1. Six or more apart or on different chains, Cβ atoms under 8 Å: show the pairs whose first residue is in the range 58-76 and at positive phi and whose second is within 14 Å of ligand 2 (Cβ to nearest atom).
2. From the list PRO355, PRO350, exactly one residue is within 16 Å of ligand 2 (Cβ to nearest atom), touching a residue at least 40 places away in the same chain (Cβ under 8 Å) and out of contact with any Phe, Trp or Tyr (no Cβ under 7 Å at 6 or more places or on another chain). Which is it?
3. Just one of (1) touching a strand residue (DSSP E or B) at 6+ places or on another chain (Cβ under 6 Å); (2) in a helix (DSSP H, G or I); (3) within 16 Å of ligand 2 (Cβ to nearest atom) trips up LEU423, so point out which.
4. How many of the residues in the range 449-464 are outside any helix (DSSP H, G or I) and farther than 13 Å from GLN477 by Cβ?
5. LYS471 fails exactly one of the following numbered conditions: (1) at pLDDT below 95; (2) closer than 26 Å to THR134 by Cβ; (3) of a type in the set (Lys, Arg). What is the number of that condition?
6. Looking at SER460, SER424 in this structure, which one is buried (at least 21 other Cβ atoms within 10 Å of the Cβ), within 20 Å of TYR393 (Cα to Cα), modelled with pLDDT under 95 and within 16 Å of ligand 1 (Cβ to nearest atom)?
Amino acid sequence: MTNYLHVGSVHGVAEFKRHLQDHKIRIPCDEEIVVGDSLLAETSRLNGFTIGNRFAIHPMEGWDGTSAGMPGDLTVRRWRNFGRSGAKLIWGGEAVAVRHDGRANPNQLLIDETTRDGLARLREALVEEHRQTTGSIDGLLVGLQLTHSGRYSRPNASGRPEPRILYHHPILDKRVGLTPASSVLSDAEVRSIIQAFHRAARIAYEIGFQFVDIKHCHGYLGHEFLSAHTRSGNYGGGFENRTRFLREVVEGVRSEAPGLEIGVRLSAFDLIPFQPDPLKSSPGKPGPGVPESFDDLLPYRWGFGVNENNPVEHDLTEAFQFMTLLRDMGIKLVNISAGSPYYNPHIQMPTLFPPSDGYLPPEDPLIGVARQMEATRAIKQAFPELLVVGTGYTYLQDFLPNVAQAAVREGWCDFVGLGRMVLSYPELPMHVLEGKTPERKRLCRTFSDCTTAPRNGLPSGCYPLDAQYKKSAMAAQLNEIKIKRQKGSVGA
Ligand SMILES: Cc1cc2nc3c(=O)[nH]c(=O)nc-3n(C[C@H](O)[C@H](O)[C@H](O)COP(=O)(O)O)c2cc1C
Ligand code: SF4
């Protein structure tokens, strides 16, 4: 185990602030939470629509749809929980694949004519729960995240990668069983995927979603376009070509679904892939994360938002160019994330306890939080006209409300996005807005079971803290898998 500060053991906000100061971690944090006139309850405007407060719920898949891509009972329950959170911006619900071959797992939701009614009911369940628990759906904006999983497609069996790639990656190819002879999507295949996004957006619009997110994060296809420096043809090479996918998707969405808002979730920066330190790992016991060796890979041309001369550092130059493009295209909704849960999770989802196939934190996870917050601040301050959602807040645990309030007050972001925290404690945003003291026992402590479970073919969910999962047969299965893994008798 690591020696990093356990946020849950800190006594009070003053001690937390002292820790940040002593370790030179720049995270704004208010001592007092304002009740009544809370900044987090302020509205904001999106092209004539008023969004009712400053909490957003990030998209989170549950691996619990049917094999046909329809929502299952656990999916509906999760979306209801998103509704009962009280957050007024629901950023996409979860990643929904626009085609079967682009599903990240055989239970990921799919959007096409066959699943239209199921997705409509899913949205309605969320909205109805929001109405019942908060008293009104005024100011509620609900989007759907559209994706193709690209390199991380596993549409037919959870243990069987069926990657669809845009270029060969010197490190990541082997992690999904690709060889130099494996095929790359042709420009014609890319165009057919773009058309699938258009069809999906039309359906989303017709069933009542107010916006779609054209997912550009976490190593999936949209994100891979942005790093396709080495690809030839229309969709690779210079910035113009690497963003052609976005432009063509947006153009078609606007003609198929005029009136539908568009948002983009972006991994605004990245680092080279990490792995558990081979010198400090043993079977079932991954060591701390270390970067893959890159001596032979300079300049590093396989990332977006990476310093190509030193790929353990990020670089926001192209993220700024990307924001300029969004602004010029009239897209105002942006959700800033980073990296990928597959190859550098510590920058994407700061965590103290890694998932089964992860690595121990290579840095205090609070540094990961600060890195994401700082990138978001830089973007928001350079593009004040954009509505910017920040990511990475769950790790702040007891101090999430204090940091959220300070971040909005100081203009670091417009919305505080919550991921894992709403799996363990869906009502947290509501409780903060009502001035209630958060229930400590329900705060996510980043145990990572919500990631470990699906990586082992089980539905995602908060196994340690959510009563529905805690004592279930799924929890028993997960426990068995973890015990076997600790004994080193199964691979990650
Ligand atoms: C179980 C799980 C599923 C996720 N699924 C998605 C997804 O479908 N789309 C997406 O953009 N991010 C997804 N994420 C990432 C989260 O949206 C979020 O960026 C991340 O958890 C960091 O935020 P947090 O610190 O508040 O948890 C997922 C995260 C988790 C834990
Ligand atoms: S399983 Fe629960 S406590 Fe663990 S990281 Fe996920 S939401 Fe948090």
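The values are calculated or read from the model by the stated rules, or taken from the named source; none is laboratory data. This is a predicted model, so every value here is computed, not measured. Quick reminder, even Gly has a Cβ in these numbers, built from the backbone with ideal geometry, and neighbours come from all protein chains shown.
1. Listed pairs, sorted by first residue: TRP63/ALA453; TRP63/PRO454; TRP63/LEU458; TRP63/PRO459; TRP63/SER460.
2. Checking each option against the conditions leaves just PRO355.
3. Here LEU423 clears every test but (1).
4. Going through the range 449-464, the residues outside any helix (DSSP H, G or I) turn out to be 456-464.
From the residues that got through so far, the ones that are farther than 13 Å from GLN477 by Cβ too are 460, 462, 464.
Total satisfying the criteria: 3.
5. Answer for LYS471: the failing condition is (2).
6. Criteria check complete, one pass: SER460.
Residue by residue, here is whether (1) over 20 Å from THR351 (Cα atoms); (2) crowded, with 23+ Cβ neighbours inside 10 Å; (3) more than 16 Å from ligand 2 (Cβ to nearest atom) holds:
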residue	(1), (2), (3)
LEU221	yes, yes, yes
GLY287	no, no, yes
LEU297	yes, no, yes
VAL312	no, no, yes
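For every residue, the table says whether it meets (1) out of contact with any Cys (no Cβ under 8 Å at 6 or more places or on another chain); (2) surrounded by fewer than 17 Cβ atoms within 10 Å (Cβ to Cβ); (3) in a strand (DSSP E or B); (4) of a type outside the set (Ser, Thr, Tyr).
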site	(1), (2), (3), (4)
GLY8	yes, yes, no, yes
GLN21	yes, yes, no, yes
PRO28	yes, no, no, yes
ARG45	yes, yes, yes, yes
THR50	yes, yes, yes, no
ASN53	yes, no, no, yes
ALA56	yes, no, yes, yes
GLY62	yes, no, no, yes
ARG78	yes, no, no, yes
